[in-house]
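All remarks here apply to the structure that follows.
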Amino acid sequence: MPEVRNTPTTLPANAVWWFFAIAFVVLFAGYGLRDPWPADEPRFVLVAKQMVESGNWLFPHRGIELYPDKPPVYFWLLALSYFLIGSWRWSFLLPSLLSGMAVLWLVYDLGKRLWQPRAGLWAAVAVLASIQFVYQFKRAQIDPTLVLMTTASFYCIARHVLLARDWRLLCGGFALAGLGVITKGVGFLPLLALLPLAAYRRWQFHPMTAARHGDGWRWLGAAGCFLLPIVLWLSAIVYLGLNSGNPEHAEYLNNILFKQTAERYANPWHHFEPFWYFAEIIALFWLPFSLCGFWLLKPWRAAFAERDLRVLFPLLWGVLVVLFFSLSSGKRDMYILPALPAFALAAAPYLQGISERRGFRIALLAFVLALGLAFTGLGIAALFGRAGFAESLINERGLGAEARWLWWMLAVCGGICLLAGMWARTRRVLTASAISLAALWIGYGLVAHPVLDASSSARNLMQQAFVQAGPGTEIGMVAWKEQNLLQARGRVTEFGFRQPDAVQLARGMAWMRQSPQTRLLLVHENKELACIAYGGPGTLALDRANRRSWWLVNVDAVTGCPDSAPAE
C-alpha cells in the first residue's frame with residue numbers, strides 16, 4: 001500500500017460545513033449583480049424567456065427563428081428558476097449555483113464512501129480549487145448542469161459497481177445519463193465508465209460487487225431507464241414535427257438529431273484544436289489541482305498493480321472522457337469539465353499525503369506568488385495608465401471612469417495573494433492558496449460583475465436606443481446579437497438571426513420604408529453593412545457595447561444600399 005494513503009481518517013469538527021459555506025460564498029459572489037453576458041448566456045436566457053412567453057416548450061426559438069442547436073432541458077430549468085424567483089437577472093445563474101454545490105457534495109460523499117471522510121473532503125477541495133470549475137459554475141452555460149448530471153450518474157453507477165448491489169441506484173444513474181443527453185448530447189459520458197467492466201471482472205479488480213444469475217435482464221432494465229427520457233422527448237418532437245405542417249420543424253429535427261450531434265463531433269465546423277489541446281487545458285485551467293499530477297503518477301501505478309478499482313474506476317472514466325473529446329478536431333475548454341470530478345476522486349486517497357510533501361508545497365507557493373505578482377502588476381500598471389490591455393478593454397467595451405475599480409480589484413487581490421504567500425511560506429501554504437483563490441473569485445464577482453455588466457449585457461445600449469429613438473418609434477434590429485433582443489426596450493422587430501447581415505439589411509430597409517416616420521434600424525458597423533453612411537445624415541451614434549460600434553439609422557442613411565441582398 002503506498003505510503004501516501006496512510007492519512008488520518010477523522011476530520012476536525014465542522015470541517016465539512018466550513019468547506020461548503022466557503023464554497024457557497026465563492027460561487028455566490030456576484031450573484032444578481034449582472035445580466036447575461038455573451039457568448040452563450042444571452043442566447044440561452046432569451047430562448048427560455050421566449051418559452052415562458054409563448055408557452056412553446058418543445059421547439060425553442062431565438063427571435064422569429066427556431067433554435068435547433070441544443071436540447072430543451074436547460075431552458076426548462078432556466079424557466080423554472082424564473083418562475084420561482086420572478087426575475088431573469090436574479091434567476092438565470094441559479095441552475096449553475098445549485099449544480100456547483102451539488103457536484104461538490106456528490107464528490108465528497110462518494111469519496112467518503114470509497115475511502116473515508118477526509119479523502120472525500122480532499123476530493124471536493126480539489127474540484128473547488130480548480131480555476132475552470134469556479135469560472136464555469138459562475139456562468140449560465142449548459143455545462144455546469146451537464147456536469148451535475150454526469151457526476152450524479154457516475155455517483156450512482158459507482159456505488160452499484162464498487163460498494164453494494166443497488167439496481168435502483170443503477171437505474172437512476174442510467175436515467176440521469178439519458179436526461180443528460182437531452183440537456184446536451186454528450187450526457188451519455190458516464191456510461192463510458194462501464195466499457196472496461198468485463199475486463200475488470202476477468203482480471204479480478206476489486207472491490208467489485210459480484211455478478212448473479214439474471215443480472216442481464218436487470219442491465220437491460222437500466223438501459224431502458226437511459227432511453228426513457230430520450231424516447232419521451234423524441235416521440236413528442238417527432239410527432240409534432242412531422243404533423244405540424246411547418247417545414248421549420250422538420251429542419252429542426254434534422255439539425256438537433258444529426259448536425260448538432262454526430263456531424264458536429266465527426267465533422268466540426270469551428271473551434272479547431274490539436275489532439276493534445278486538453279492536456280494544456282488540464283495543466284493550466286485545473287490549477288492548482290493539476291500541480292498534484294507529478295506526485296500522483298506513482299500511487300496511480302501502484303493502484304493499477306494492486307487492481308484497486310476504487311482508484312481506477314474514476315481514473316479510467318476520466319481518461320476515457322478526455323480521449324473521447326480529443327478524437328474530435330472541434331474542441332472547447334469546457335468539454336472535459338465532466339472529467340474533473342473523476343480525476344479528483346481518483347486522487348482523493350493521496351491528496352493529504354501529497355499536500356505534506358515539500359516539493360508540492362514549494363510548487364503551490366510559487367503558484368500563489370505568481371498570481372500575486374501578475375495581478376498586482378497588471379492592476380498597478382492599469383492604474384497608472386501604462387497597460388495596453390487596460391486601454392484596449394476600455395475602448396472595446398466603452399468603459400468610463402468606473403474601469404478604475406477593476407484595476408483596484410486586480411491590485412488588491414494581487415496584494416492579498418502576495419501577503420498570504422509571504423506570511424504562509426511553505427508551512428501554511430494551503431491556507432494561503434485558499435485565501436488567495438477566494439479573494440480573486442469574490443473580487444471578480446463583487447467588482448467585475450457590476451463594472452462590466454452595462455456594456456457586456458448591452459443593457460445600457462438598448463436603453464439608450466429606446467430613449468434616443470423617442471416615444472412611438474419602433475426599432476428594427478439588423479446584424480443583432482442575442483443580448484440586444486433580450487435587453488430590448490419598447491417595440492422592436494428583427495429579420496432573422498441566422499440570415500446574412502446583407503439580407504437582414506434589405507429586409508429592414510423594406511420594413512422601415514413602410515413607415516419611415518416611426519421606424520428606425522439599429523445596426524453596428526461591419527463590412528457587410530459598409531453601404532450605410534455612418535456619421536452622415538440620418539444616423540445617430542450610440543455607445544459601444546460588446547466590442548462593436550452601434551448606430552440608429554433612418555431611411556436617409558441607407559440610400560446607398562441595394563434594395564436586395566446580392567446572390568451568394
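The values are calculated or read from the model by the stated rules, or taken from the named source; none is laboratory data. Every value quoted in this text rests on a predicted model; they were computed, and no experiment measured them. For neighbour counting, all protein chains shown are included, and Cβ atoms are generated from backbone atoms with ideal geometry for every residue, glycine included. Side chains are part of the model used for accessible areas, which takes the heavy atoms of the whole protein and leaves out ligands, DNA and RNA. Shrake-Rupley method; radii C 1.70, N 1.55, O 1.52, S 1.80 Å.
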*Subset of the stretch 527-552 [surrounded by 15 or more Cβ atoms within 10 Å (Cβ to Cβ), under 21 Å from SER455 (Cα atoms) and either aliphatic (A, V, I, L, M) or touching a Pro at 6+ places or on another chain (Cβ under 8 Å) (or both)]*: LEU540, LEU542, ALA545, ASN546, LEU552
_Out of the residues in the stretch 72-98 meeting the condition of being within 17 Å of ASP40 (Cβ to Cβ) and of a type in the set (S, T, N, Q), tell me which one is surrounded by the fewest Cβ atoms within 10 Å (Cβ to Cβ)._
SER91
*Options ARG491, ARG519, ARG513; residue that is closer than 30 Å to TRP88 by Cα, without any contact (Cβ under 8 Å) to a residue 60 or more places away in the chain and touching a helix residue (DSSP H, G or I) at 6+ places or on another chain (Cβ under 7 Å)*: ARG519
_Take the residues in the stretch 26-58 that are out of contact with any Phe, Trp or Tyr (no Cβ under 9 Å at 6 or more places or on another chain) and assigned to a helix (DSSP H, G or I); name whichever of them is nearest to ILE237 (Cα to Cα)._
SER54
*Grab the helices (runs of 4 or more DSSP H) fully contained in the stretch 99-197, keeping just those with 2 or more residues being closer than 28 Å to TYR444 by Cβ and among the β-branched types (Val, Ile, Thr).*
117-129, 131-137, 142-158
*Only one residue in PHE278, PHE285, PHE294 is over 22 Å from ALA119 (Cβ atoms) and open to solvent by 30 Å² or more (accessible area, probe 1.4 Å), so which one is that?*
PHE285
*Top-ranked residue in the stretch 127-137 [being open to solvent by 10 Å² or more (accessible area, probe 1.4 Å) and of a type outside the set (Ser, Thr, Tyr); ranked as farthest from LYS184 (Cα to Cα)]*: ALA129
_Every residue from the stretch 198-224 that is assigned to a helix (DSSP H, G or I), open to solvent by less than 40 Å² (accessible area, probe 1.4 Å) and farther than 25 Å from ASP308 by Cα_ = GLY221, ALA222, ALA223, GLY224
_Considering only residues that are closer than 22 Å to LEU364 by Cβ and either surrounded by fewer than 23 Cβ atoms within 10 Å (Cβ to Cβ) or β-branched (Val, Ile, Thr) (or both), which ones fall in the stretch 111-120?_
ARG118
*Only residues that are open to solvent by 60 Å² or more (accessible area, probe 1.4 Å) and within 17 Å of ALA193 (Cα to Cα): list them for the stretch 317-337, please.*
VAL319, LEU323
*Any chance the stretch 391-401 includes a residue that's of a type in the set (A, V, I, L, M, F, W, C), under 30 Å from VAL103 (Cα atoms) and buried (at least 18 other Cβ atoms within 10 Å of the Cβ)?*
no
*Just a yes or no: is a residue in the stretch 234-252 modelled with pLDDT under 85, under 28 Å from the mean Cα position of the chain (by Cα), under 30 Å from ILE336 (Cα atoms) and among the β-branched types (Val, Ile, Thr)?*
no
_Residue under question is THR559, and the condition is that it be open to solvent by 60 Å² or more (accessible area, probe 1.4 Å) and either of a type in the set (S, T, N, Q) or free of Cβ contacts under 8 Å to residues at least 24 places away in the same chain (or both); does it hold?_
yes
_Meets criteria (among the charged types (D, E, K, R), modelled with pLDDT of 75 or more and closer than 25 Å to PRO190 by Cα) for ARG218_ = yes
*Of (1) open to solvent by less than 10 Å² (accessible area, probe 1.4 Å); (2) touching an Asp or Glu at 6+ places or on another chain (Cβ under 6 Å); (3) of a type in the set (A, V, I, L, M), VAL451 satisfies all except one. Which?*
(1)
_Index of the failed condition, GLY173 passing every other in (1) under 19 Å from the mean Cα position of the chain (by Cα); (2) under 25 Å from GLY111 (Cβ atoms)_ = (1)
*Of all residues in the stretch 265-295, how many are touching a strand residue (DSSP E or B) at 6+ places or on another chain (Cβ under 7 Å) and either farther than 30 Å from ALA129 by Cβ or modelled with pLDDT of 80 or more (or both)?*
3
*asked:* I'm checking my understanding of the structure. Among residues of the stretch 402-437 that are aromatic (Phe, Trp, Tyr) and open to solvent by 60 Å² or more (accessible area, probe 1.4 Å), which one is nearest to SER130 (Cα to Cα)?
replied: TRP423
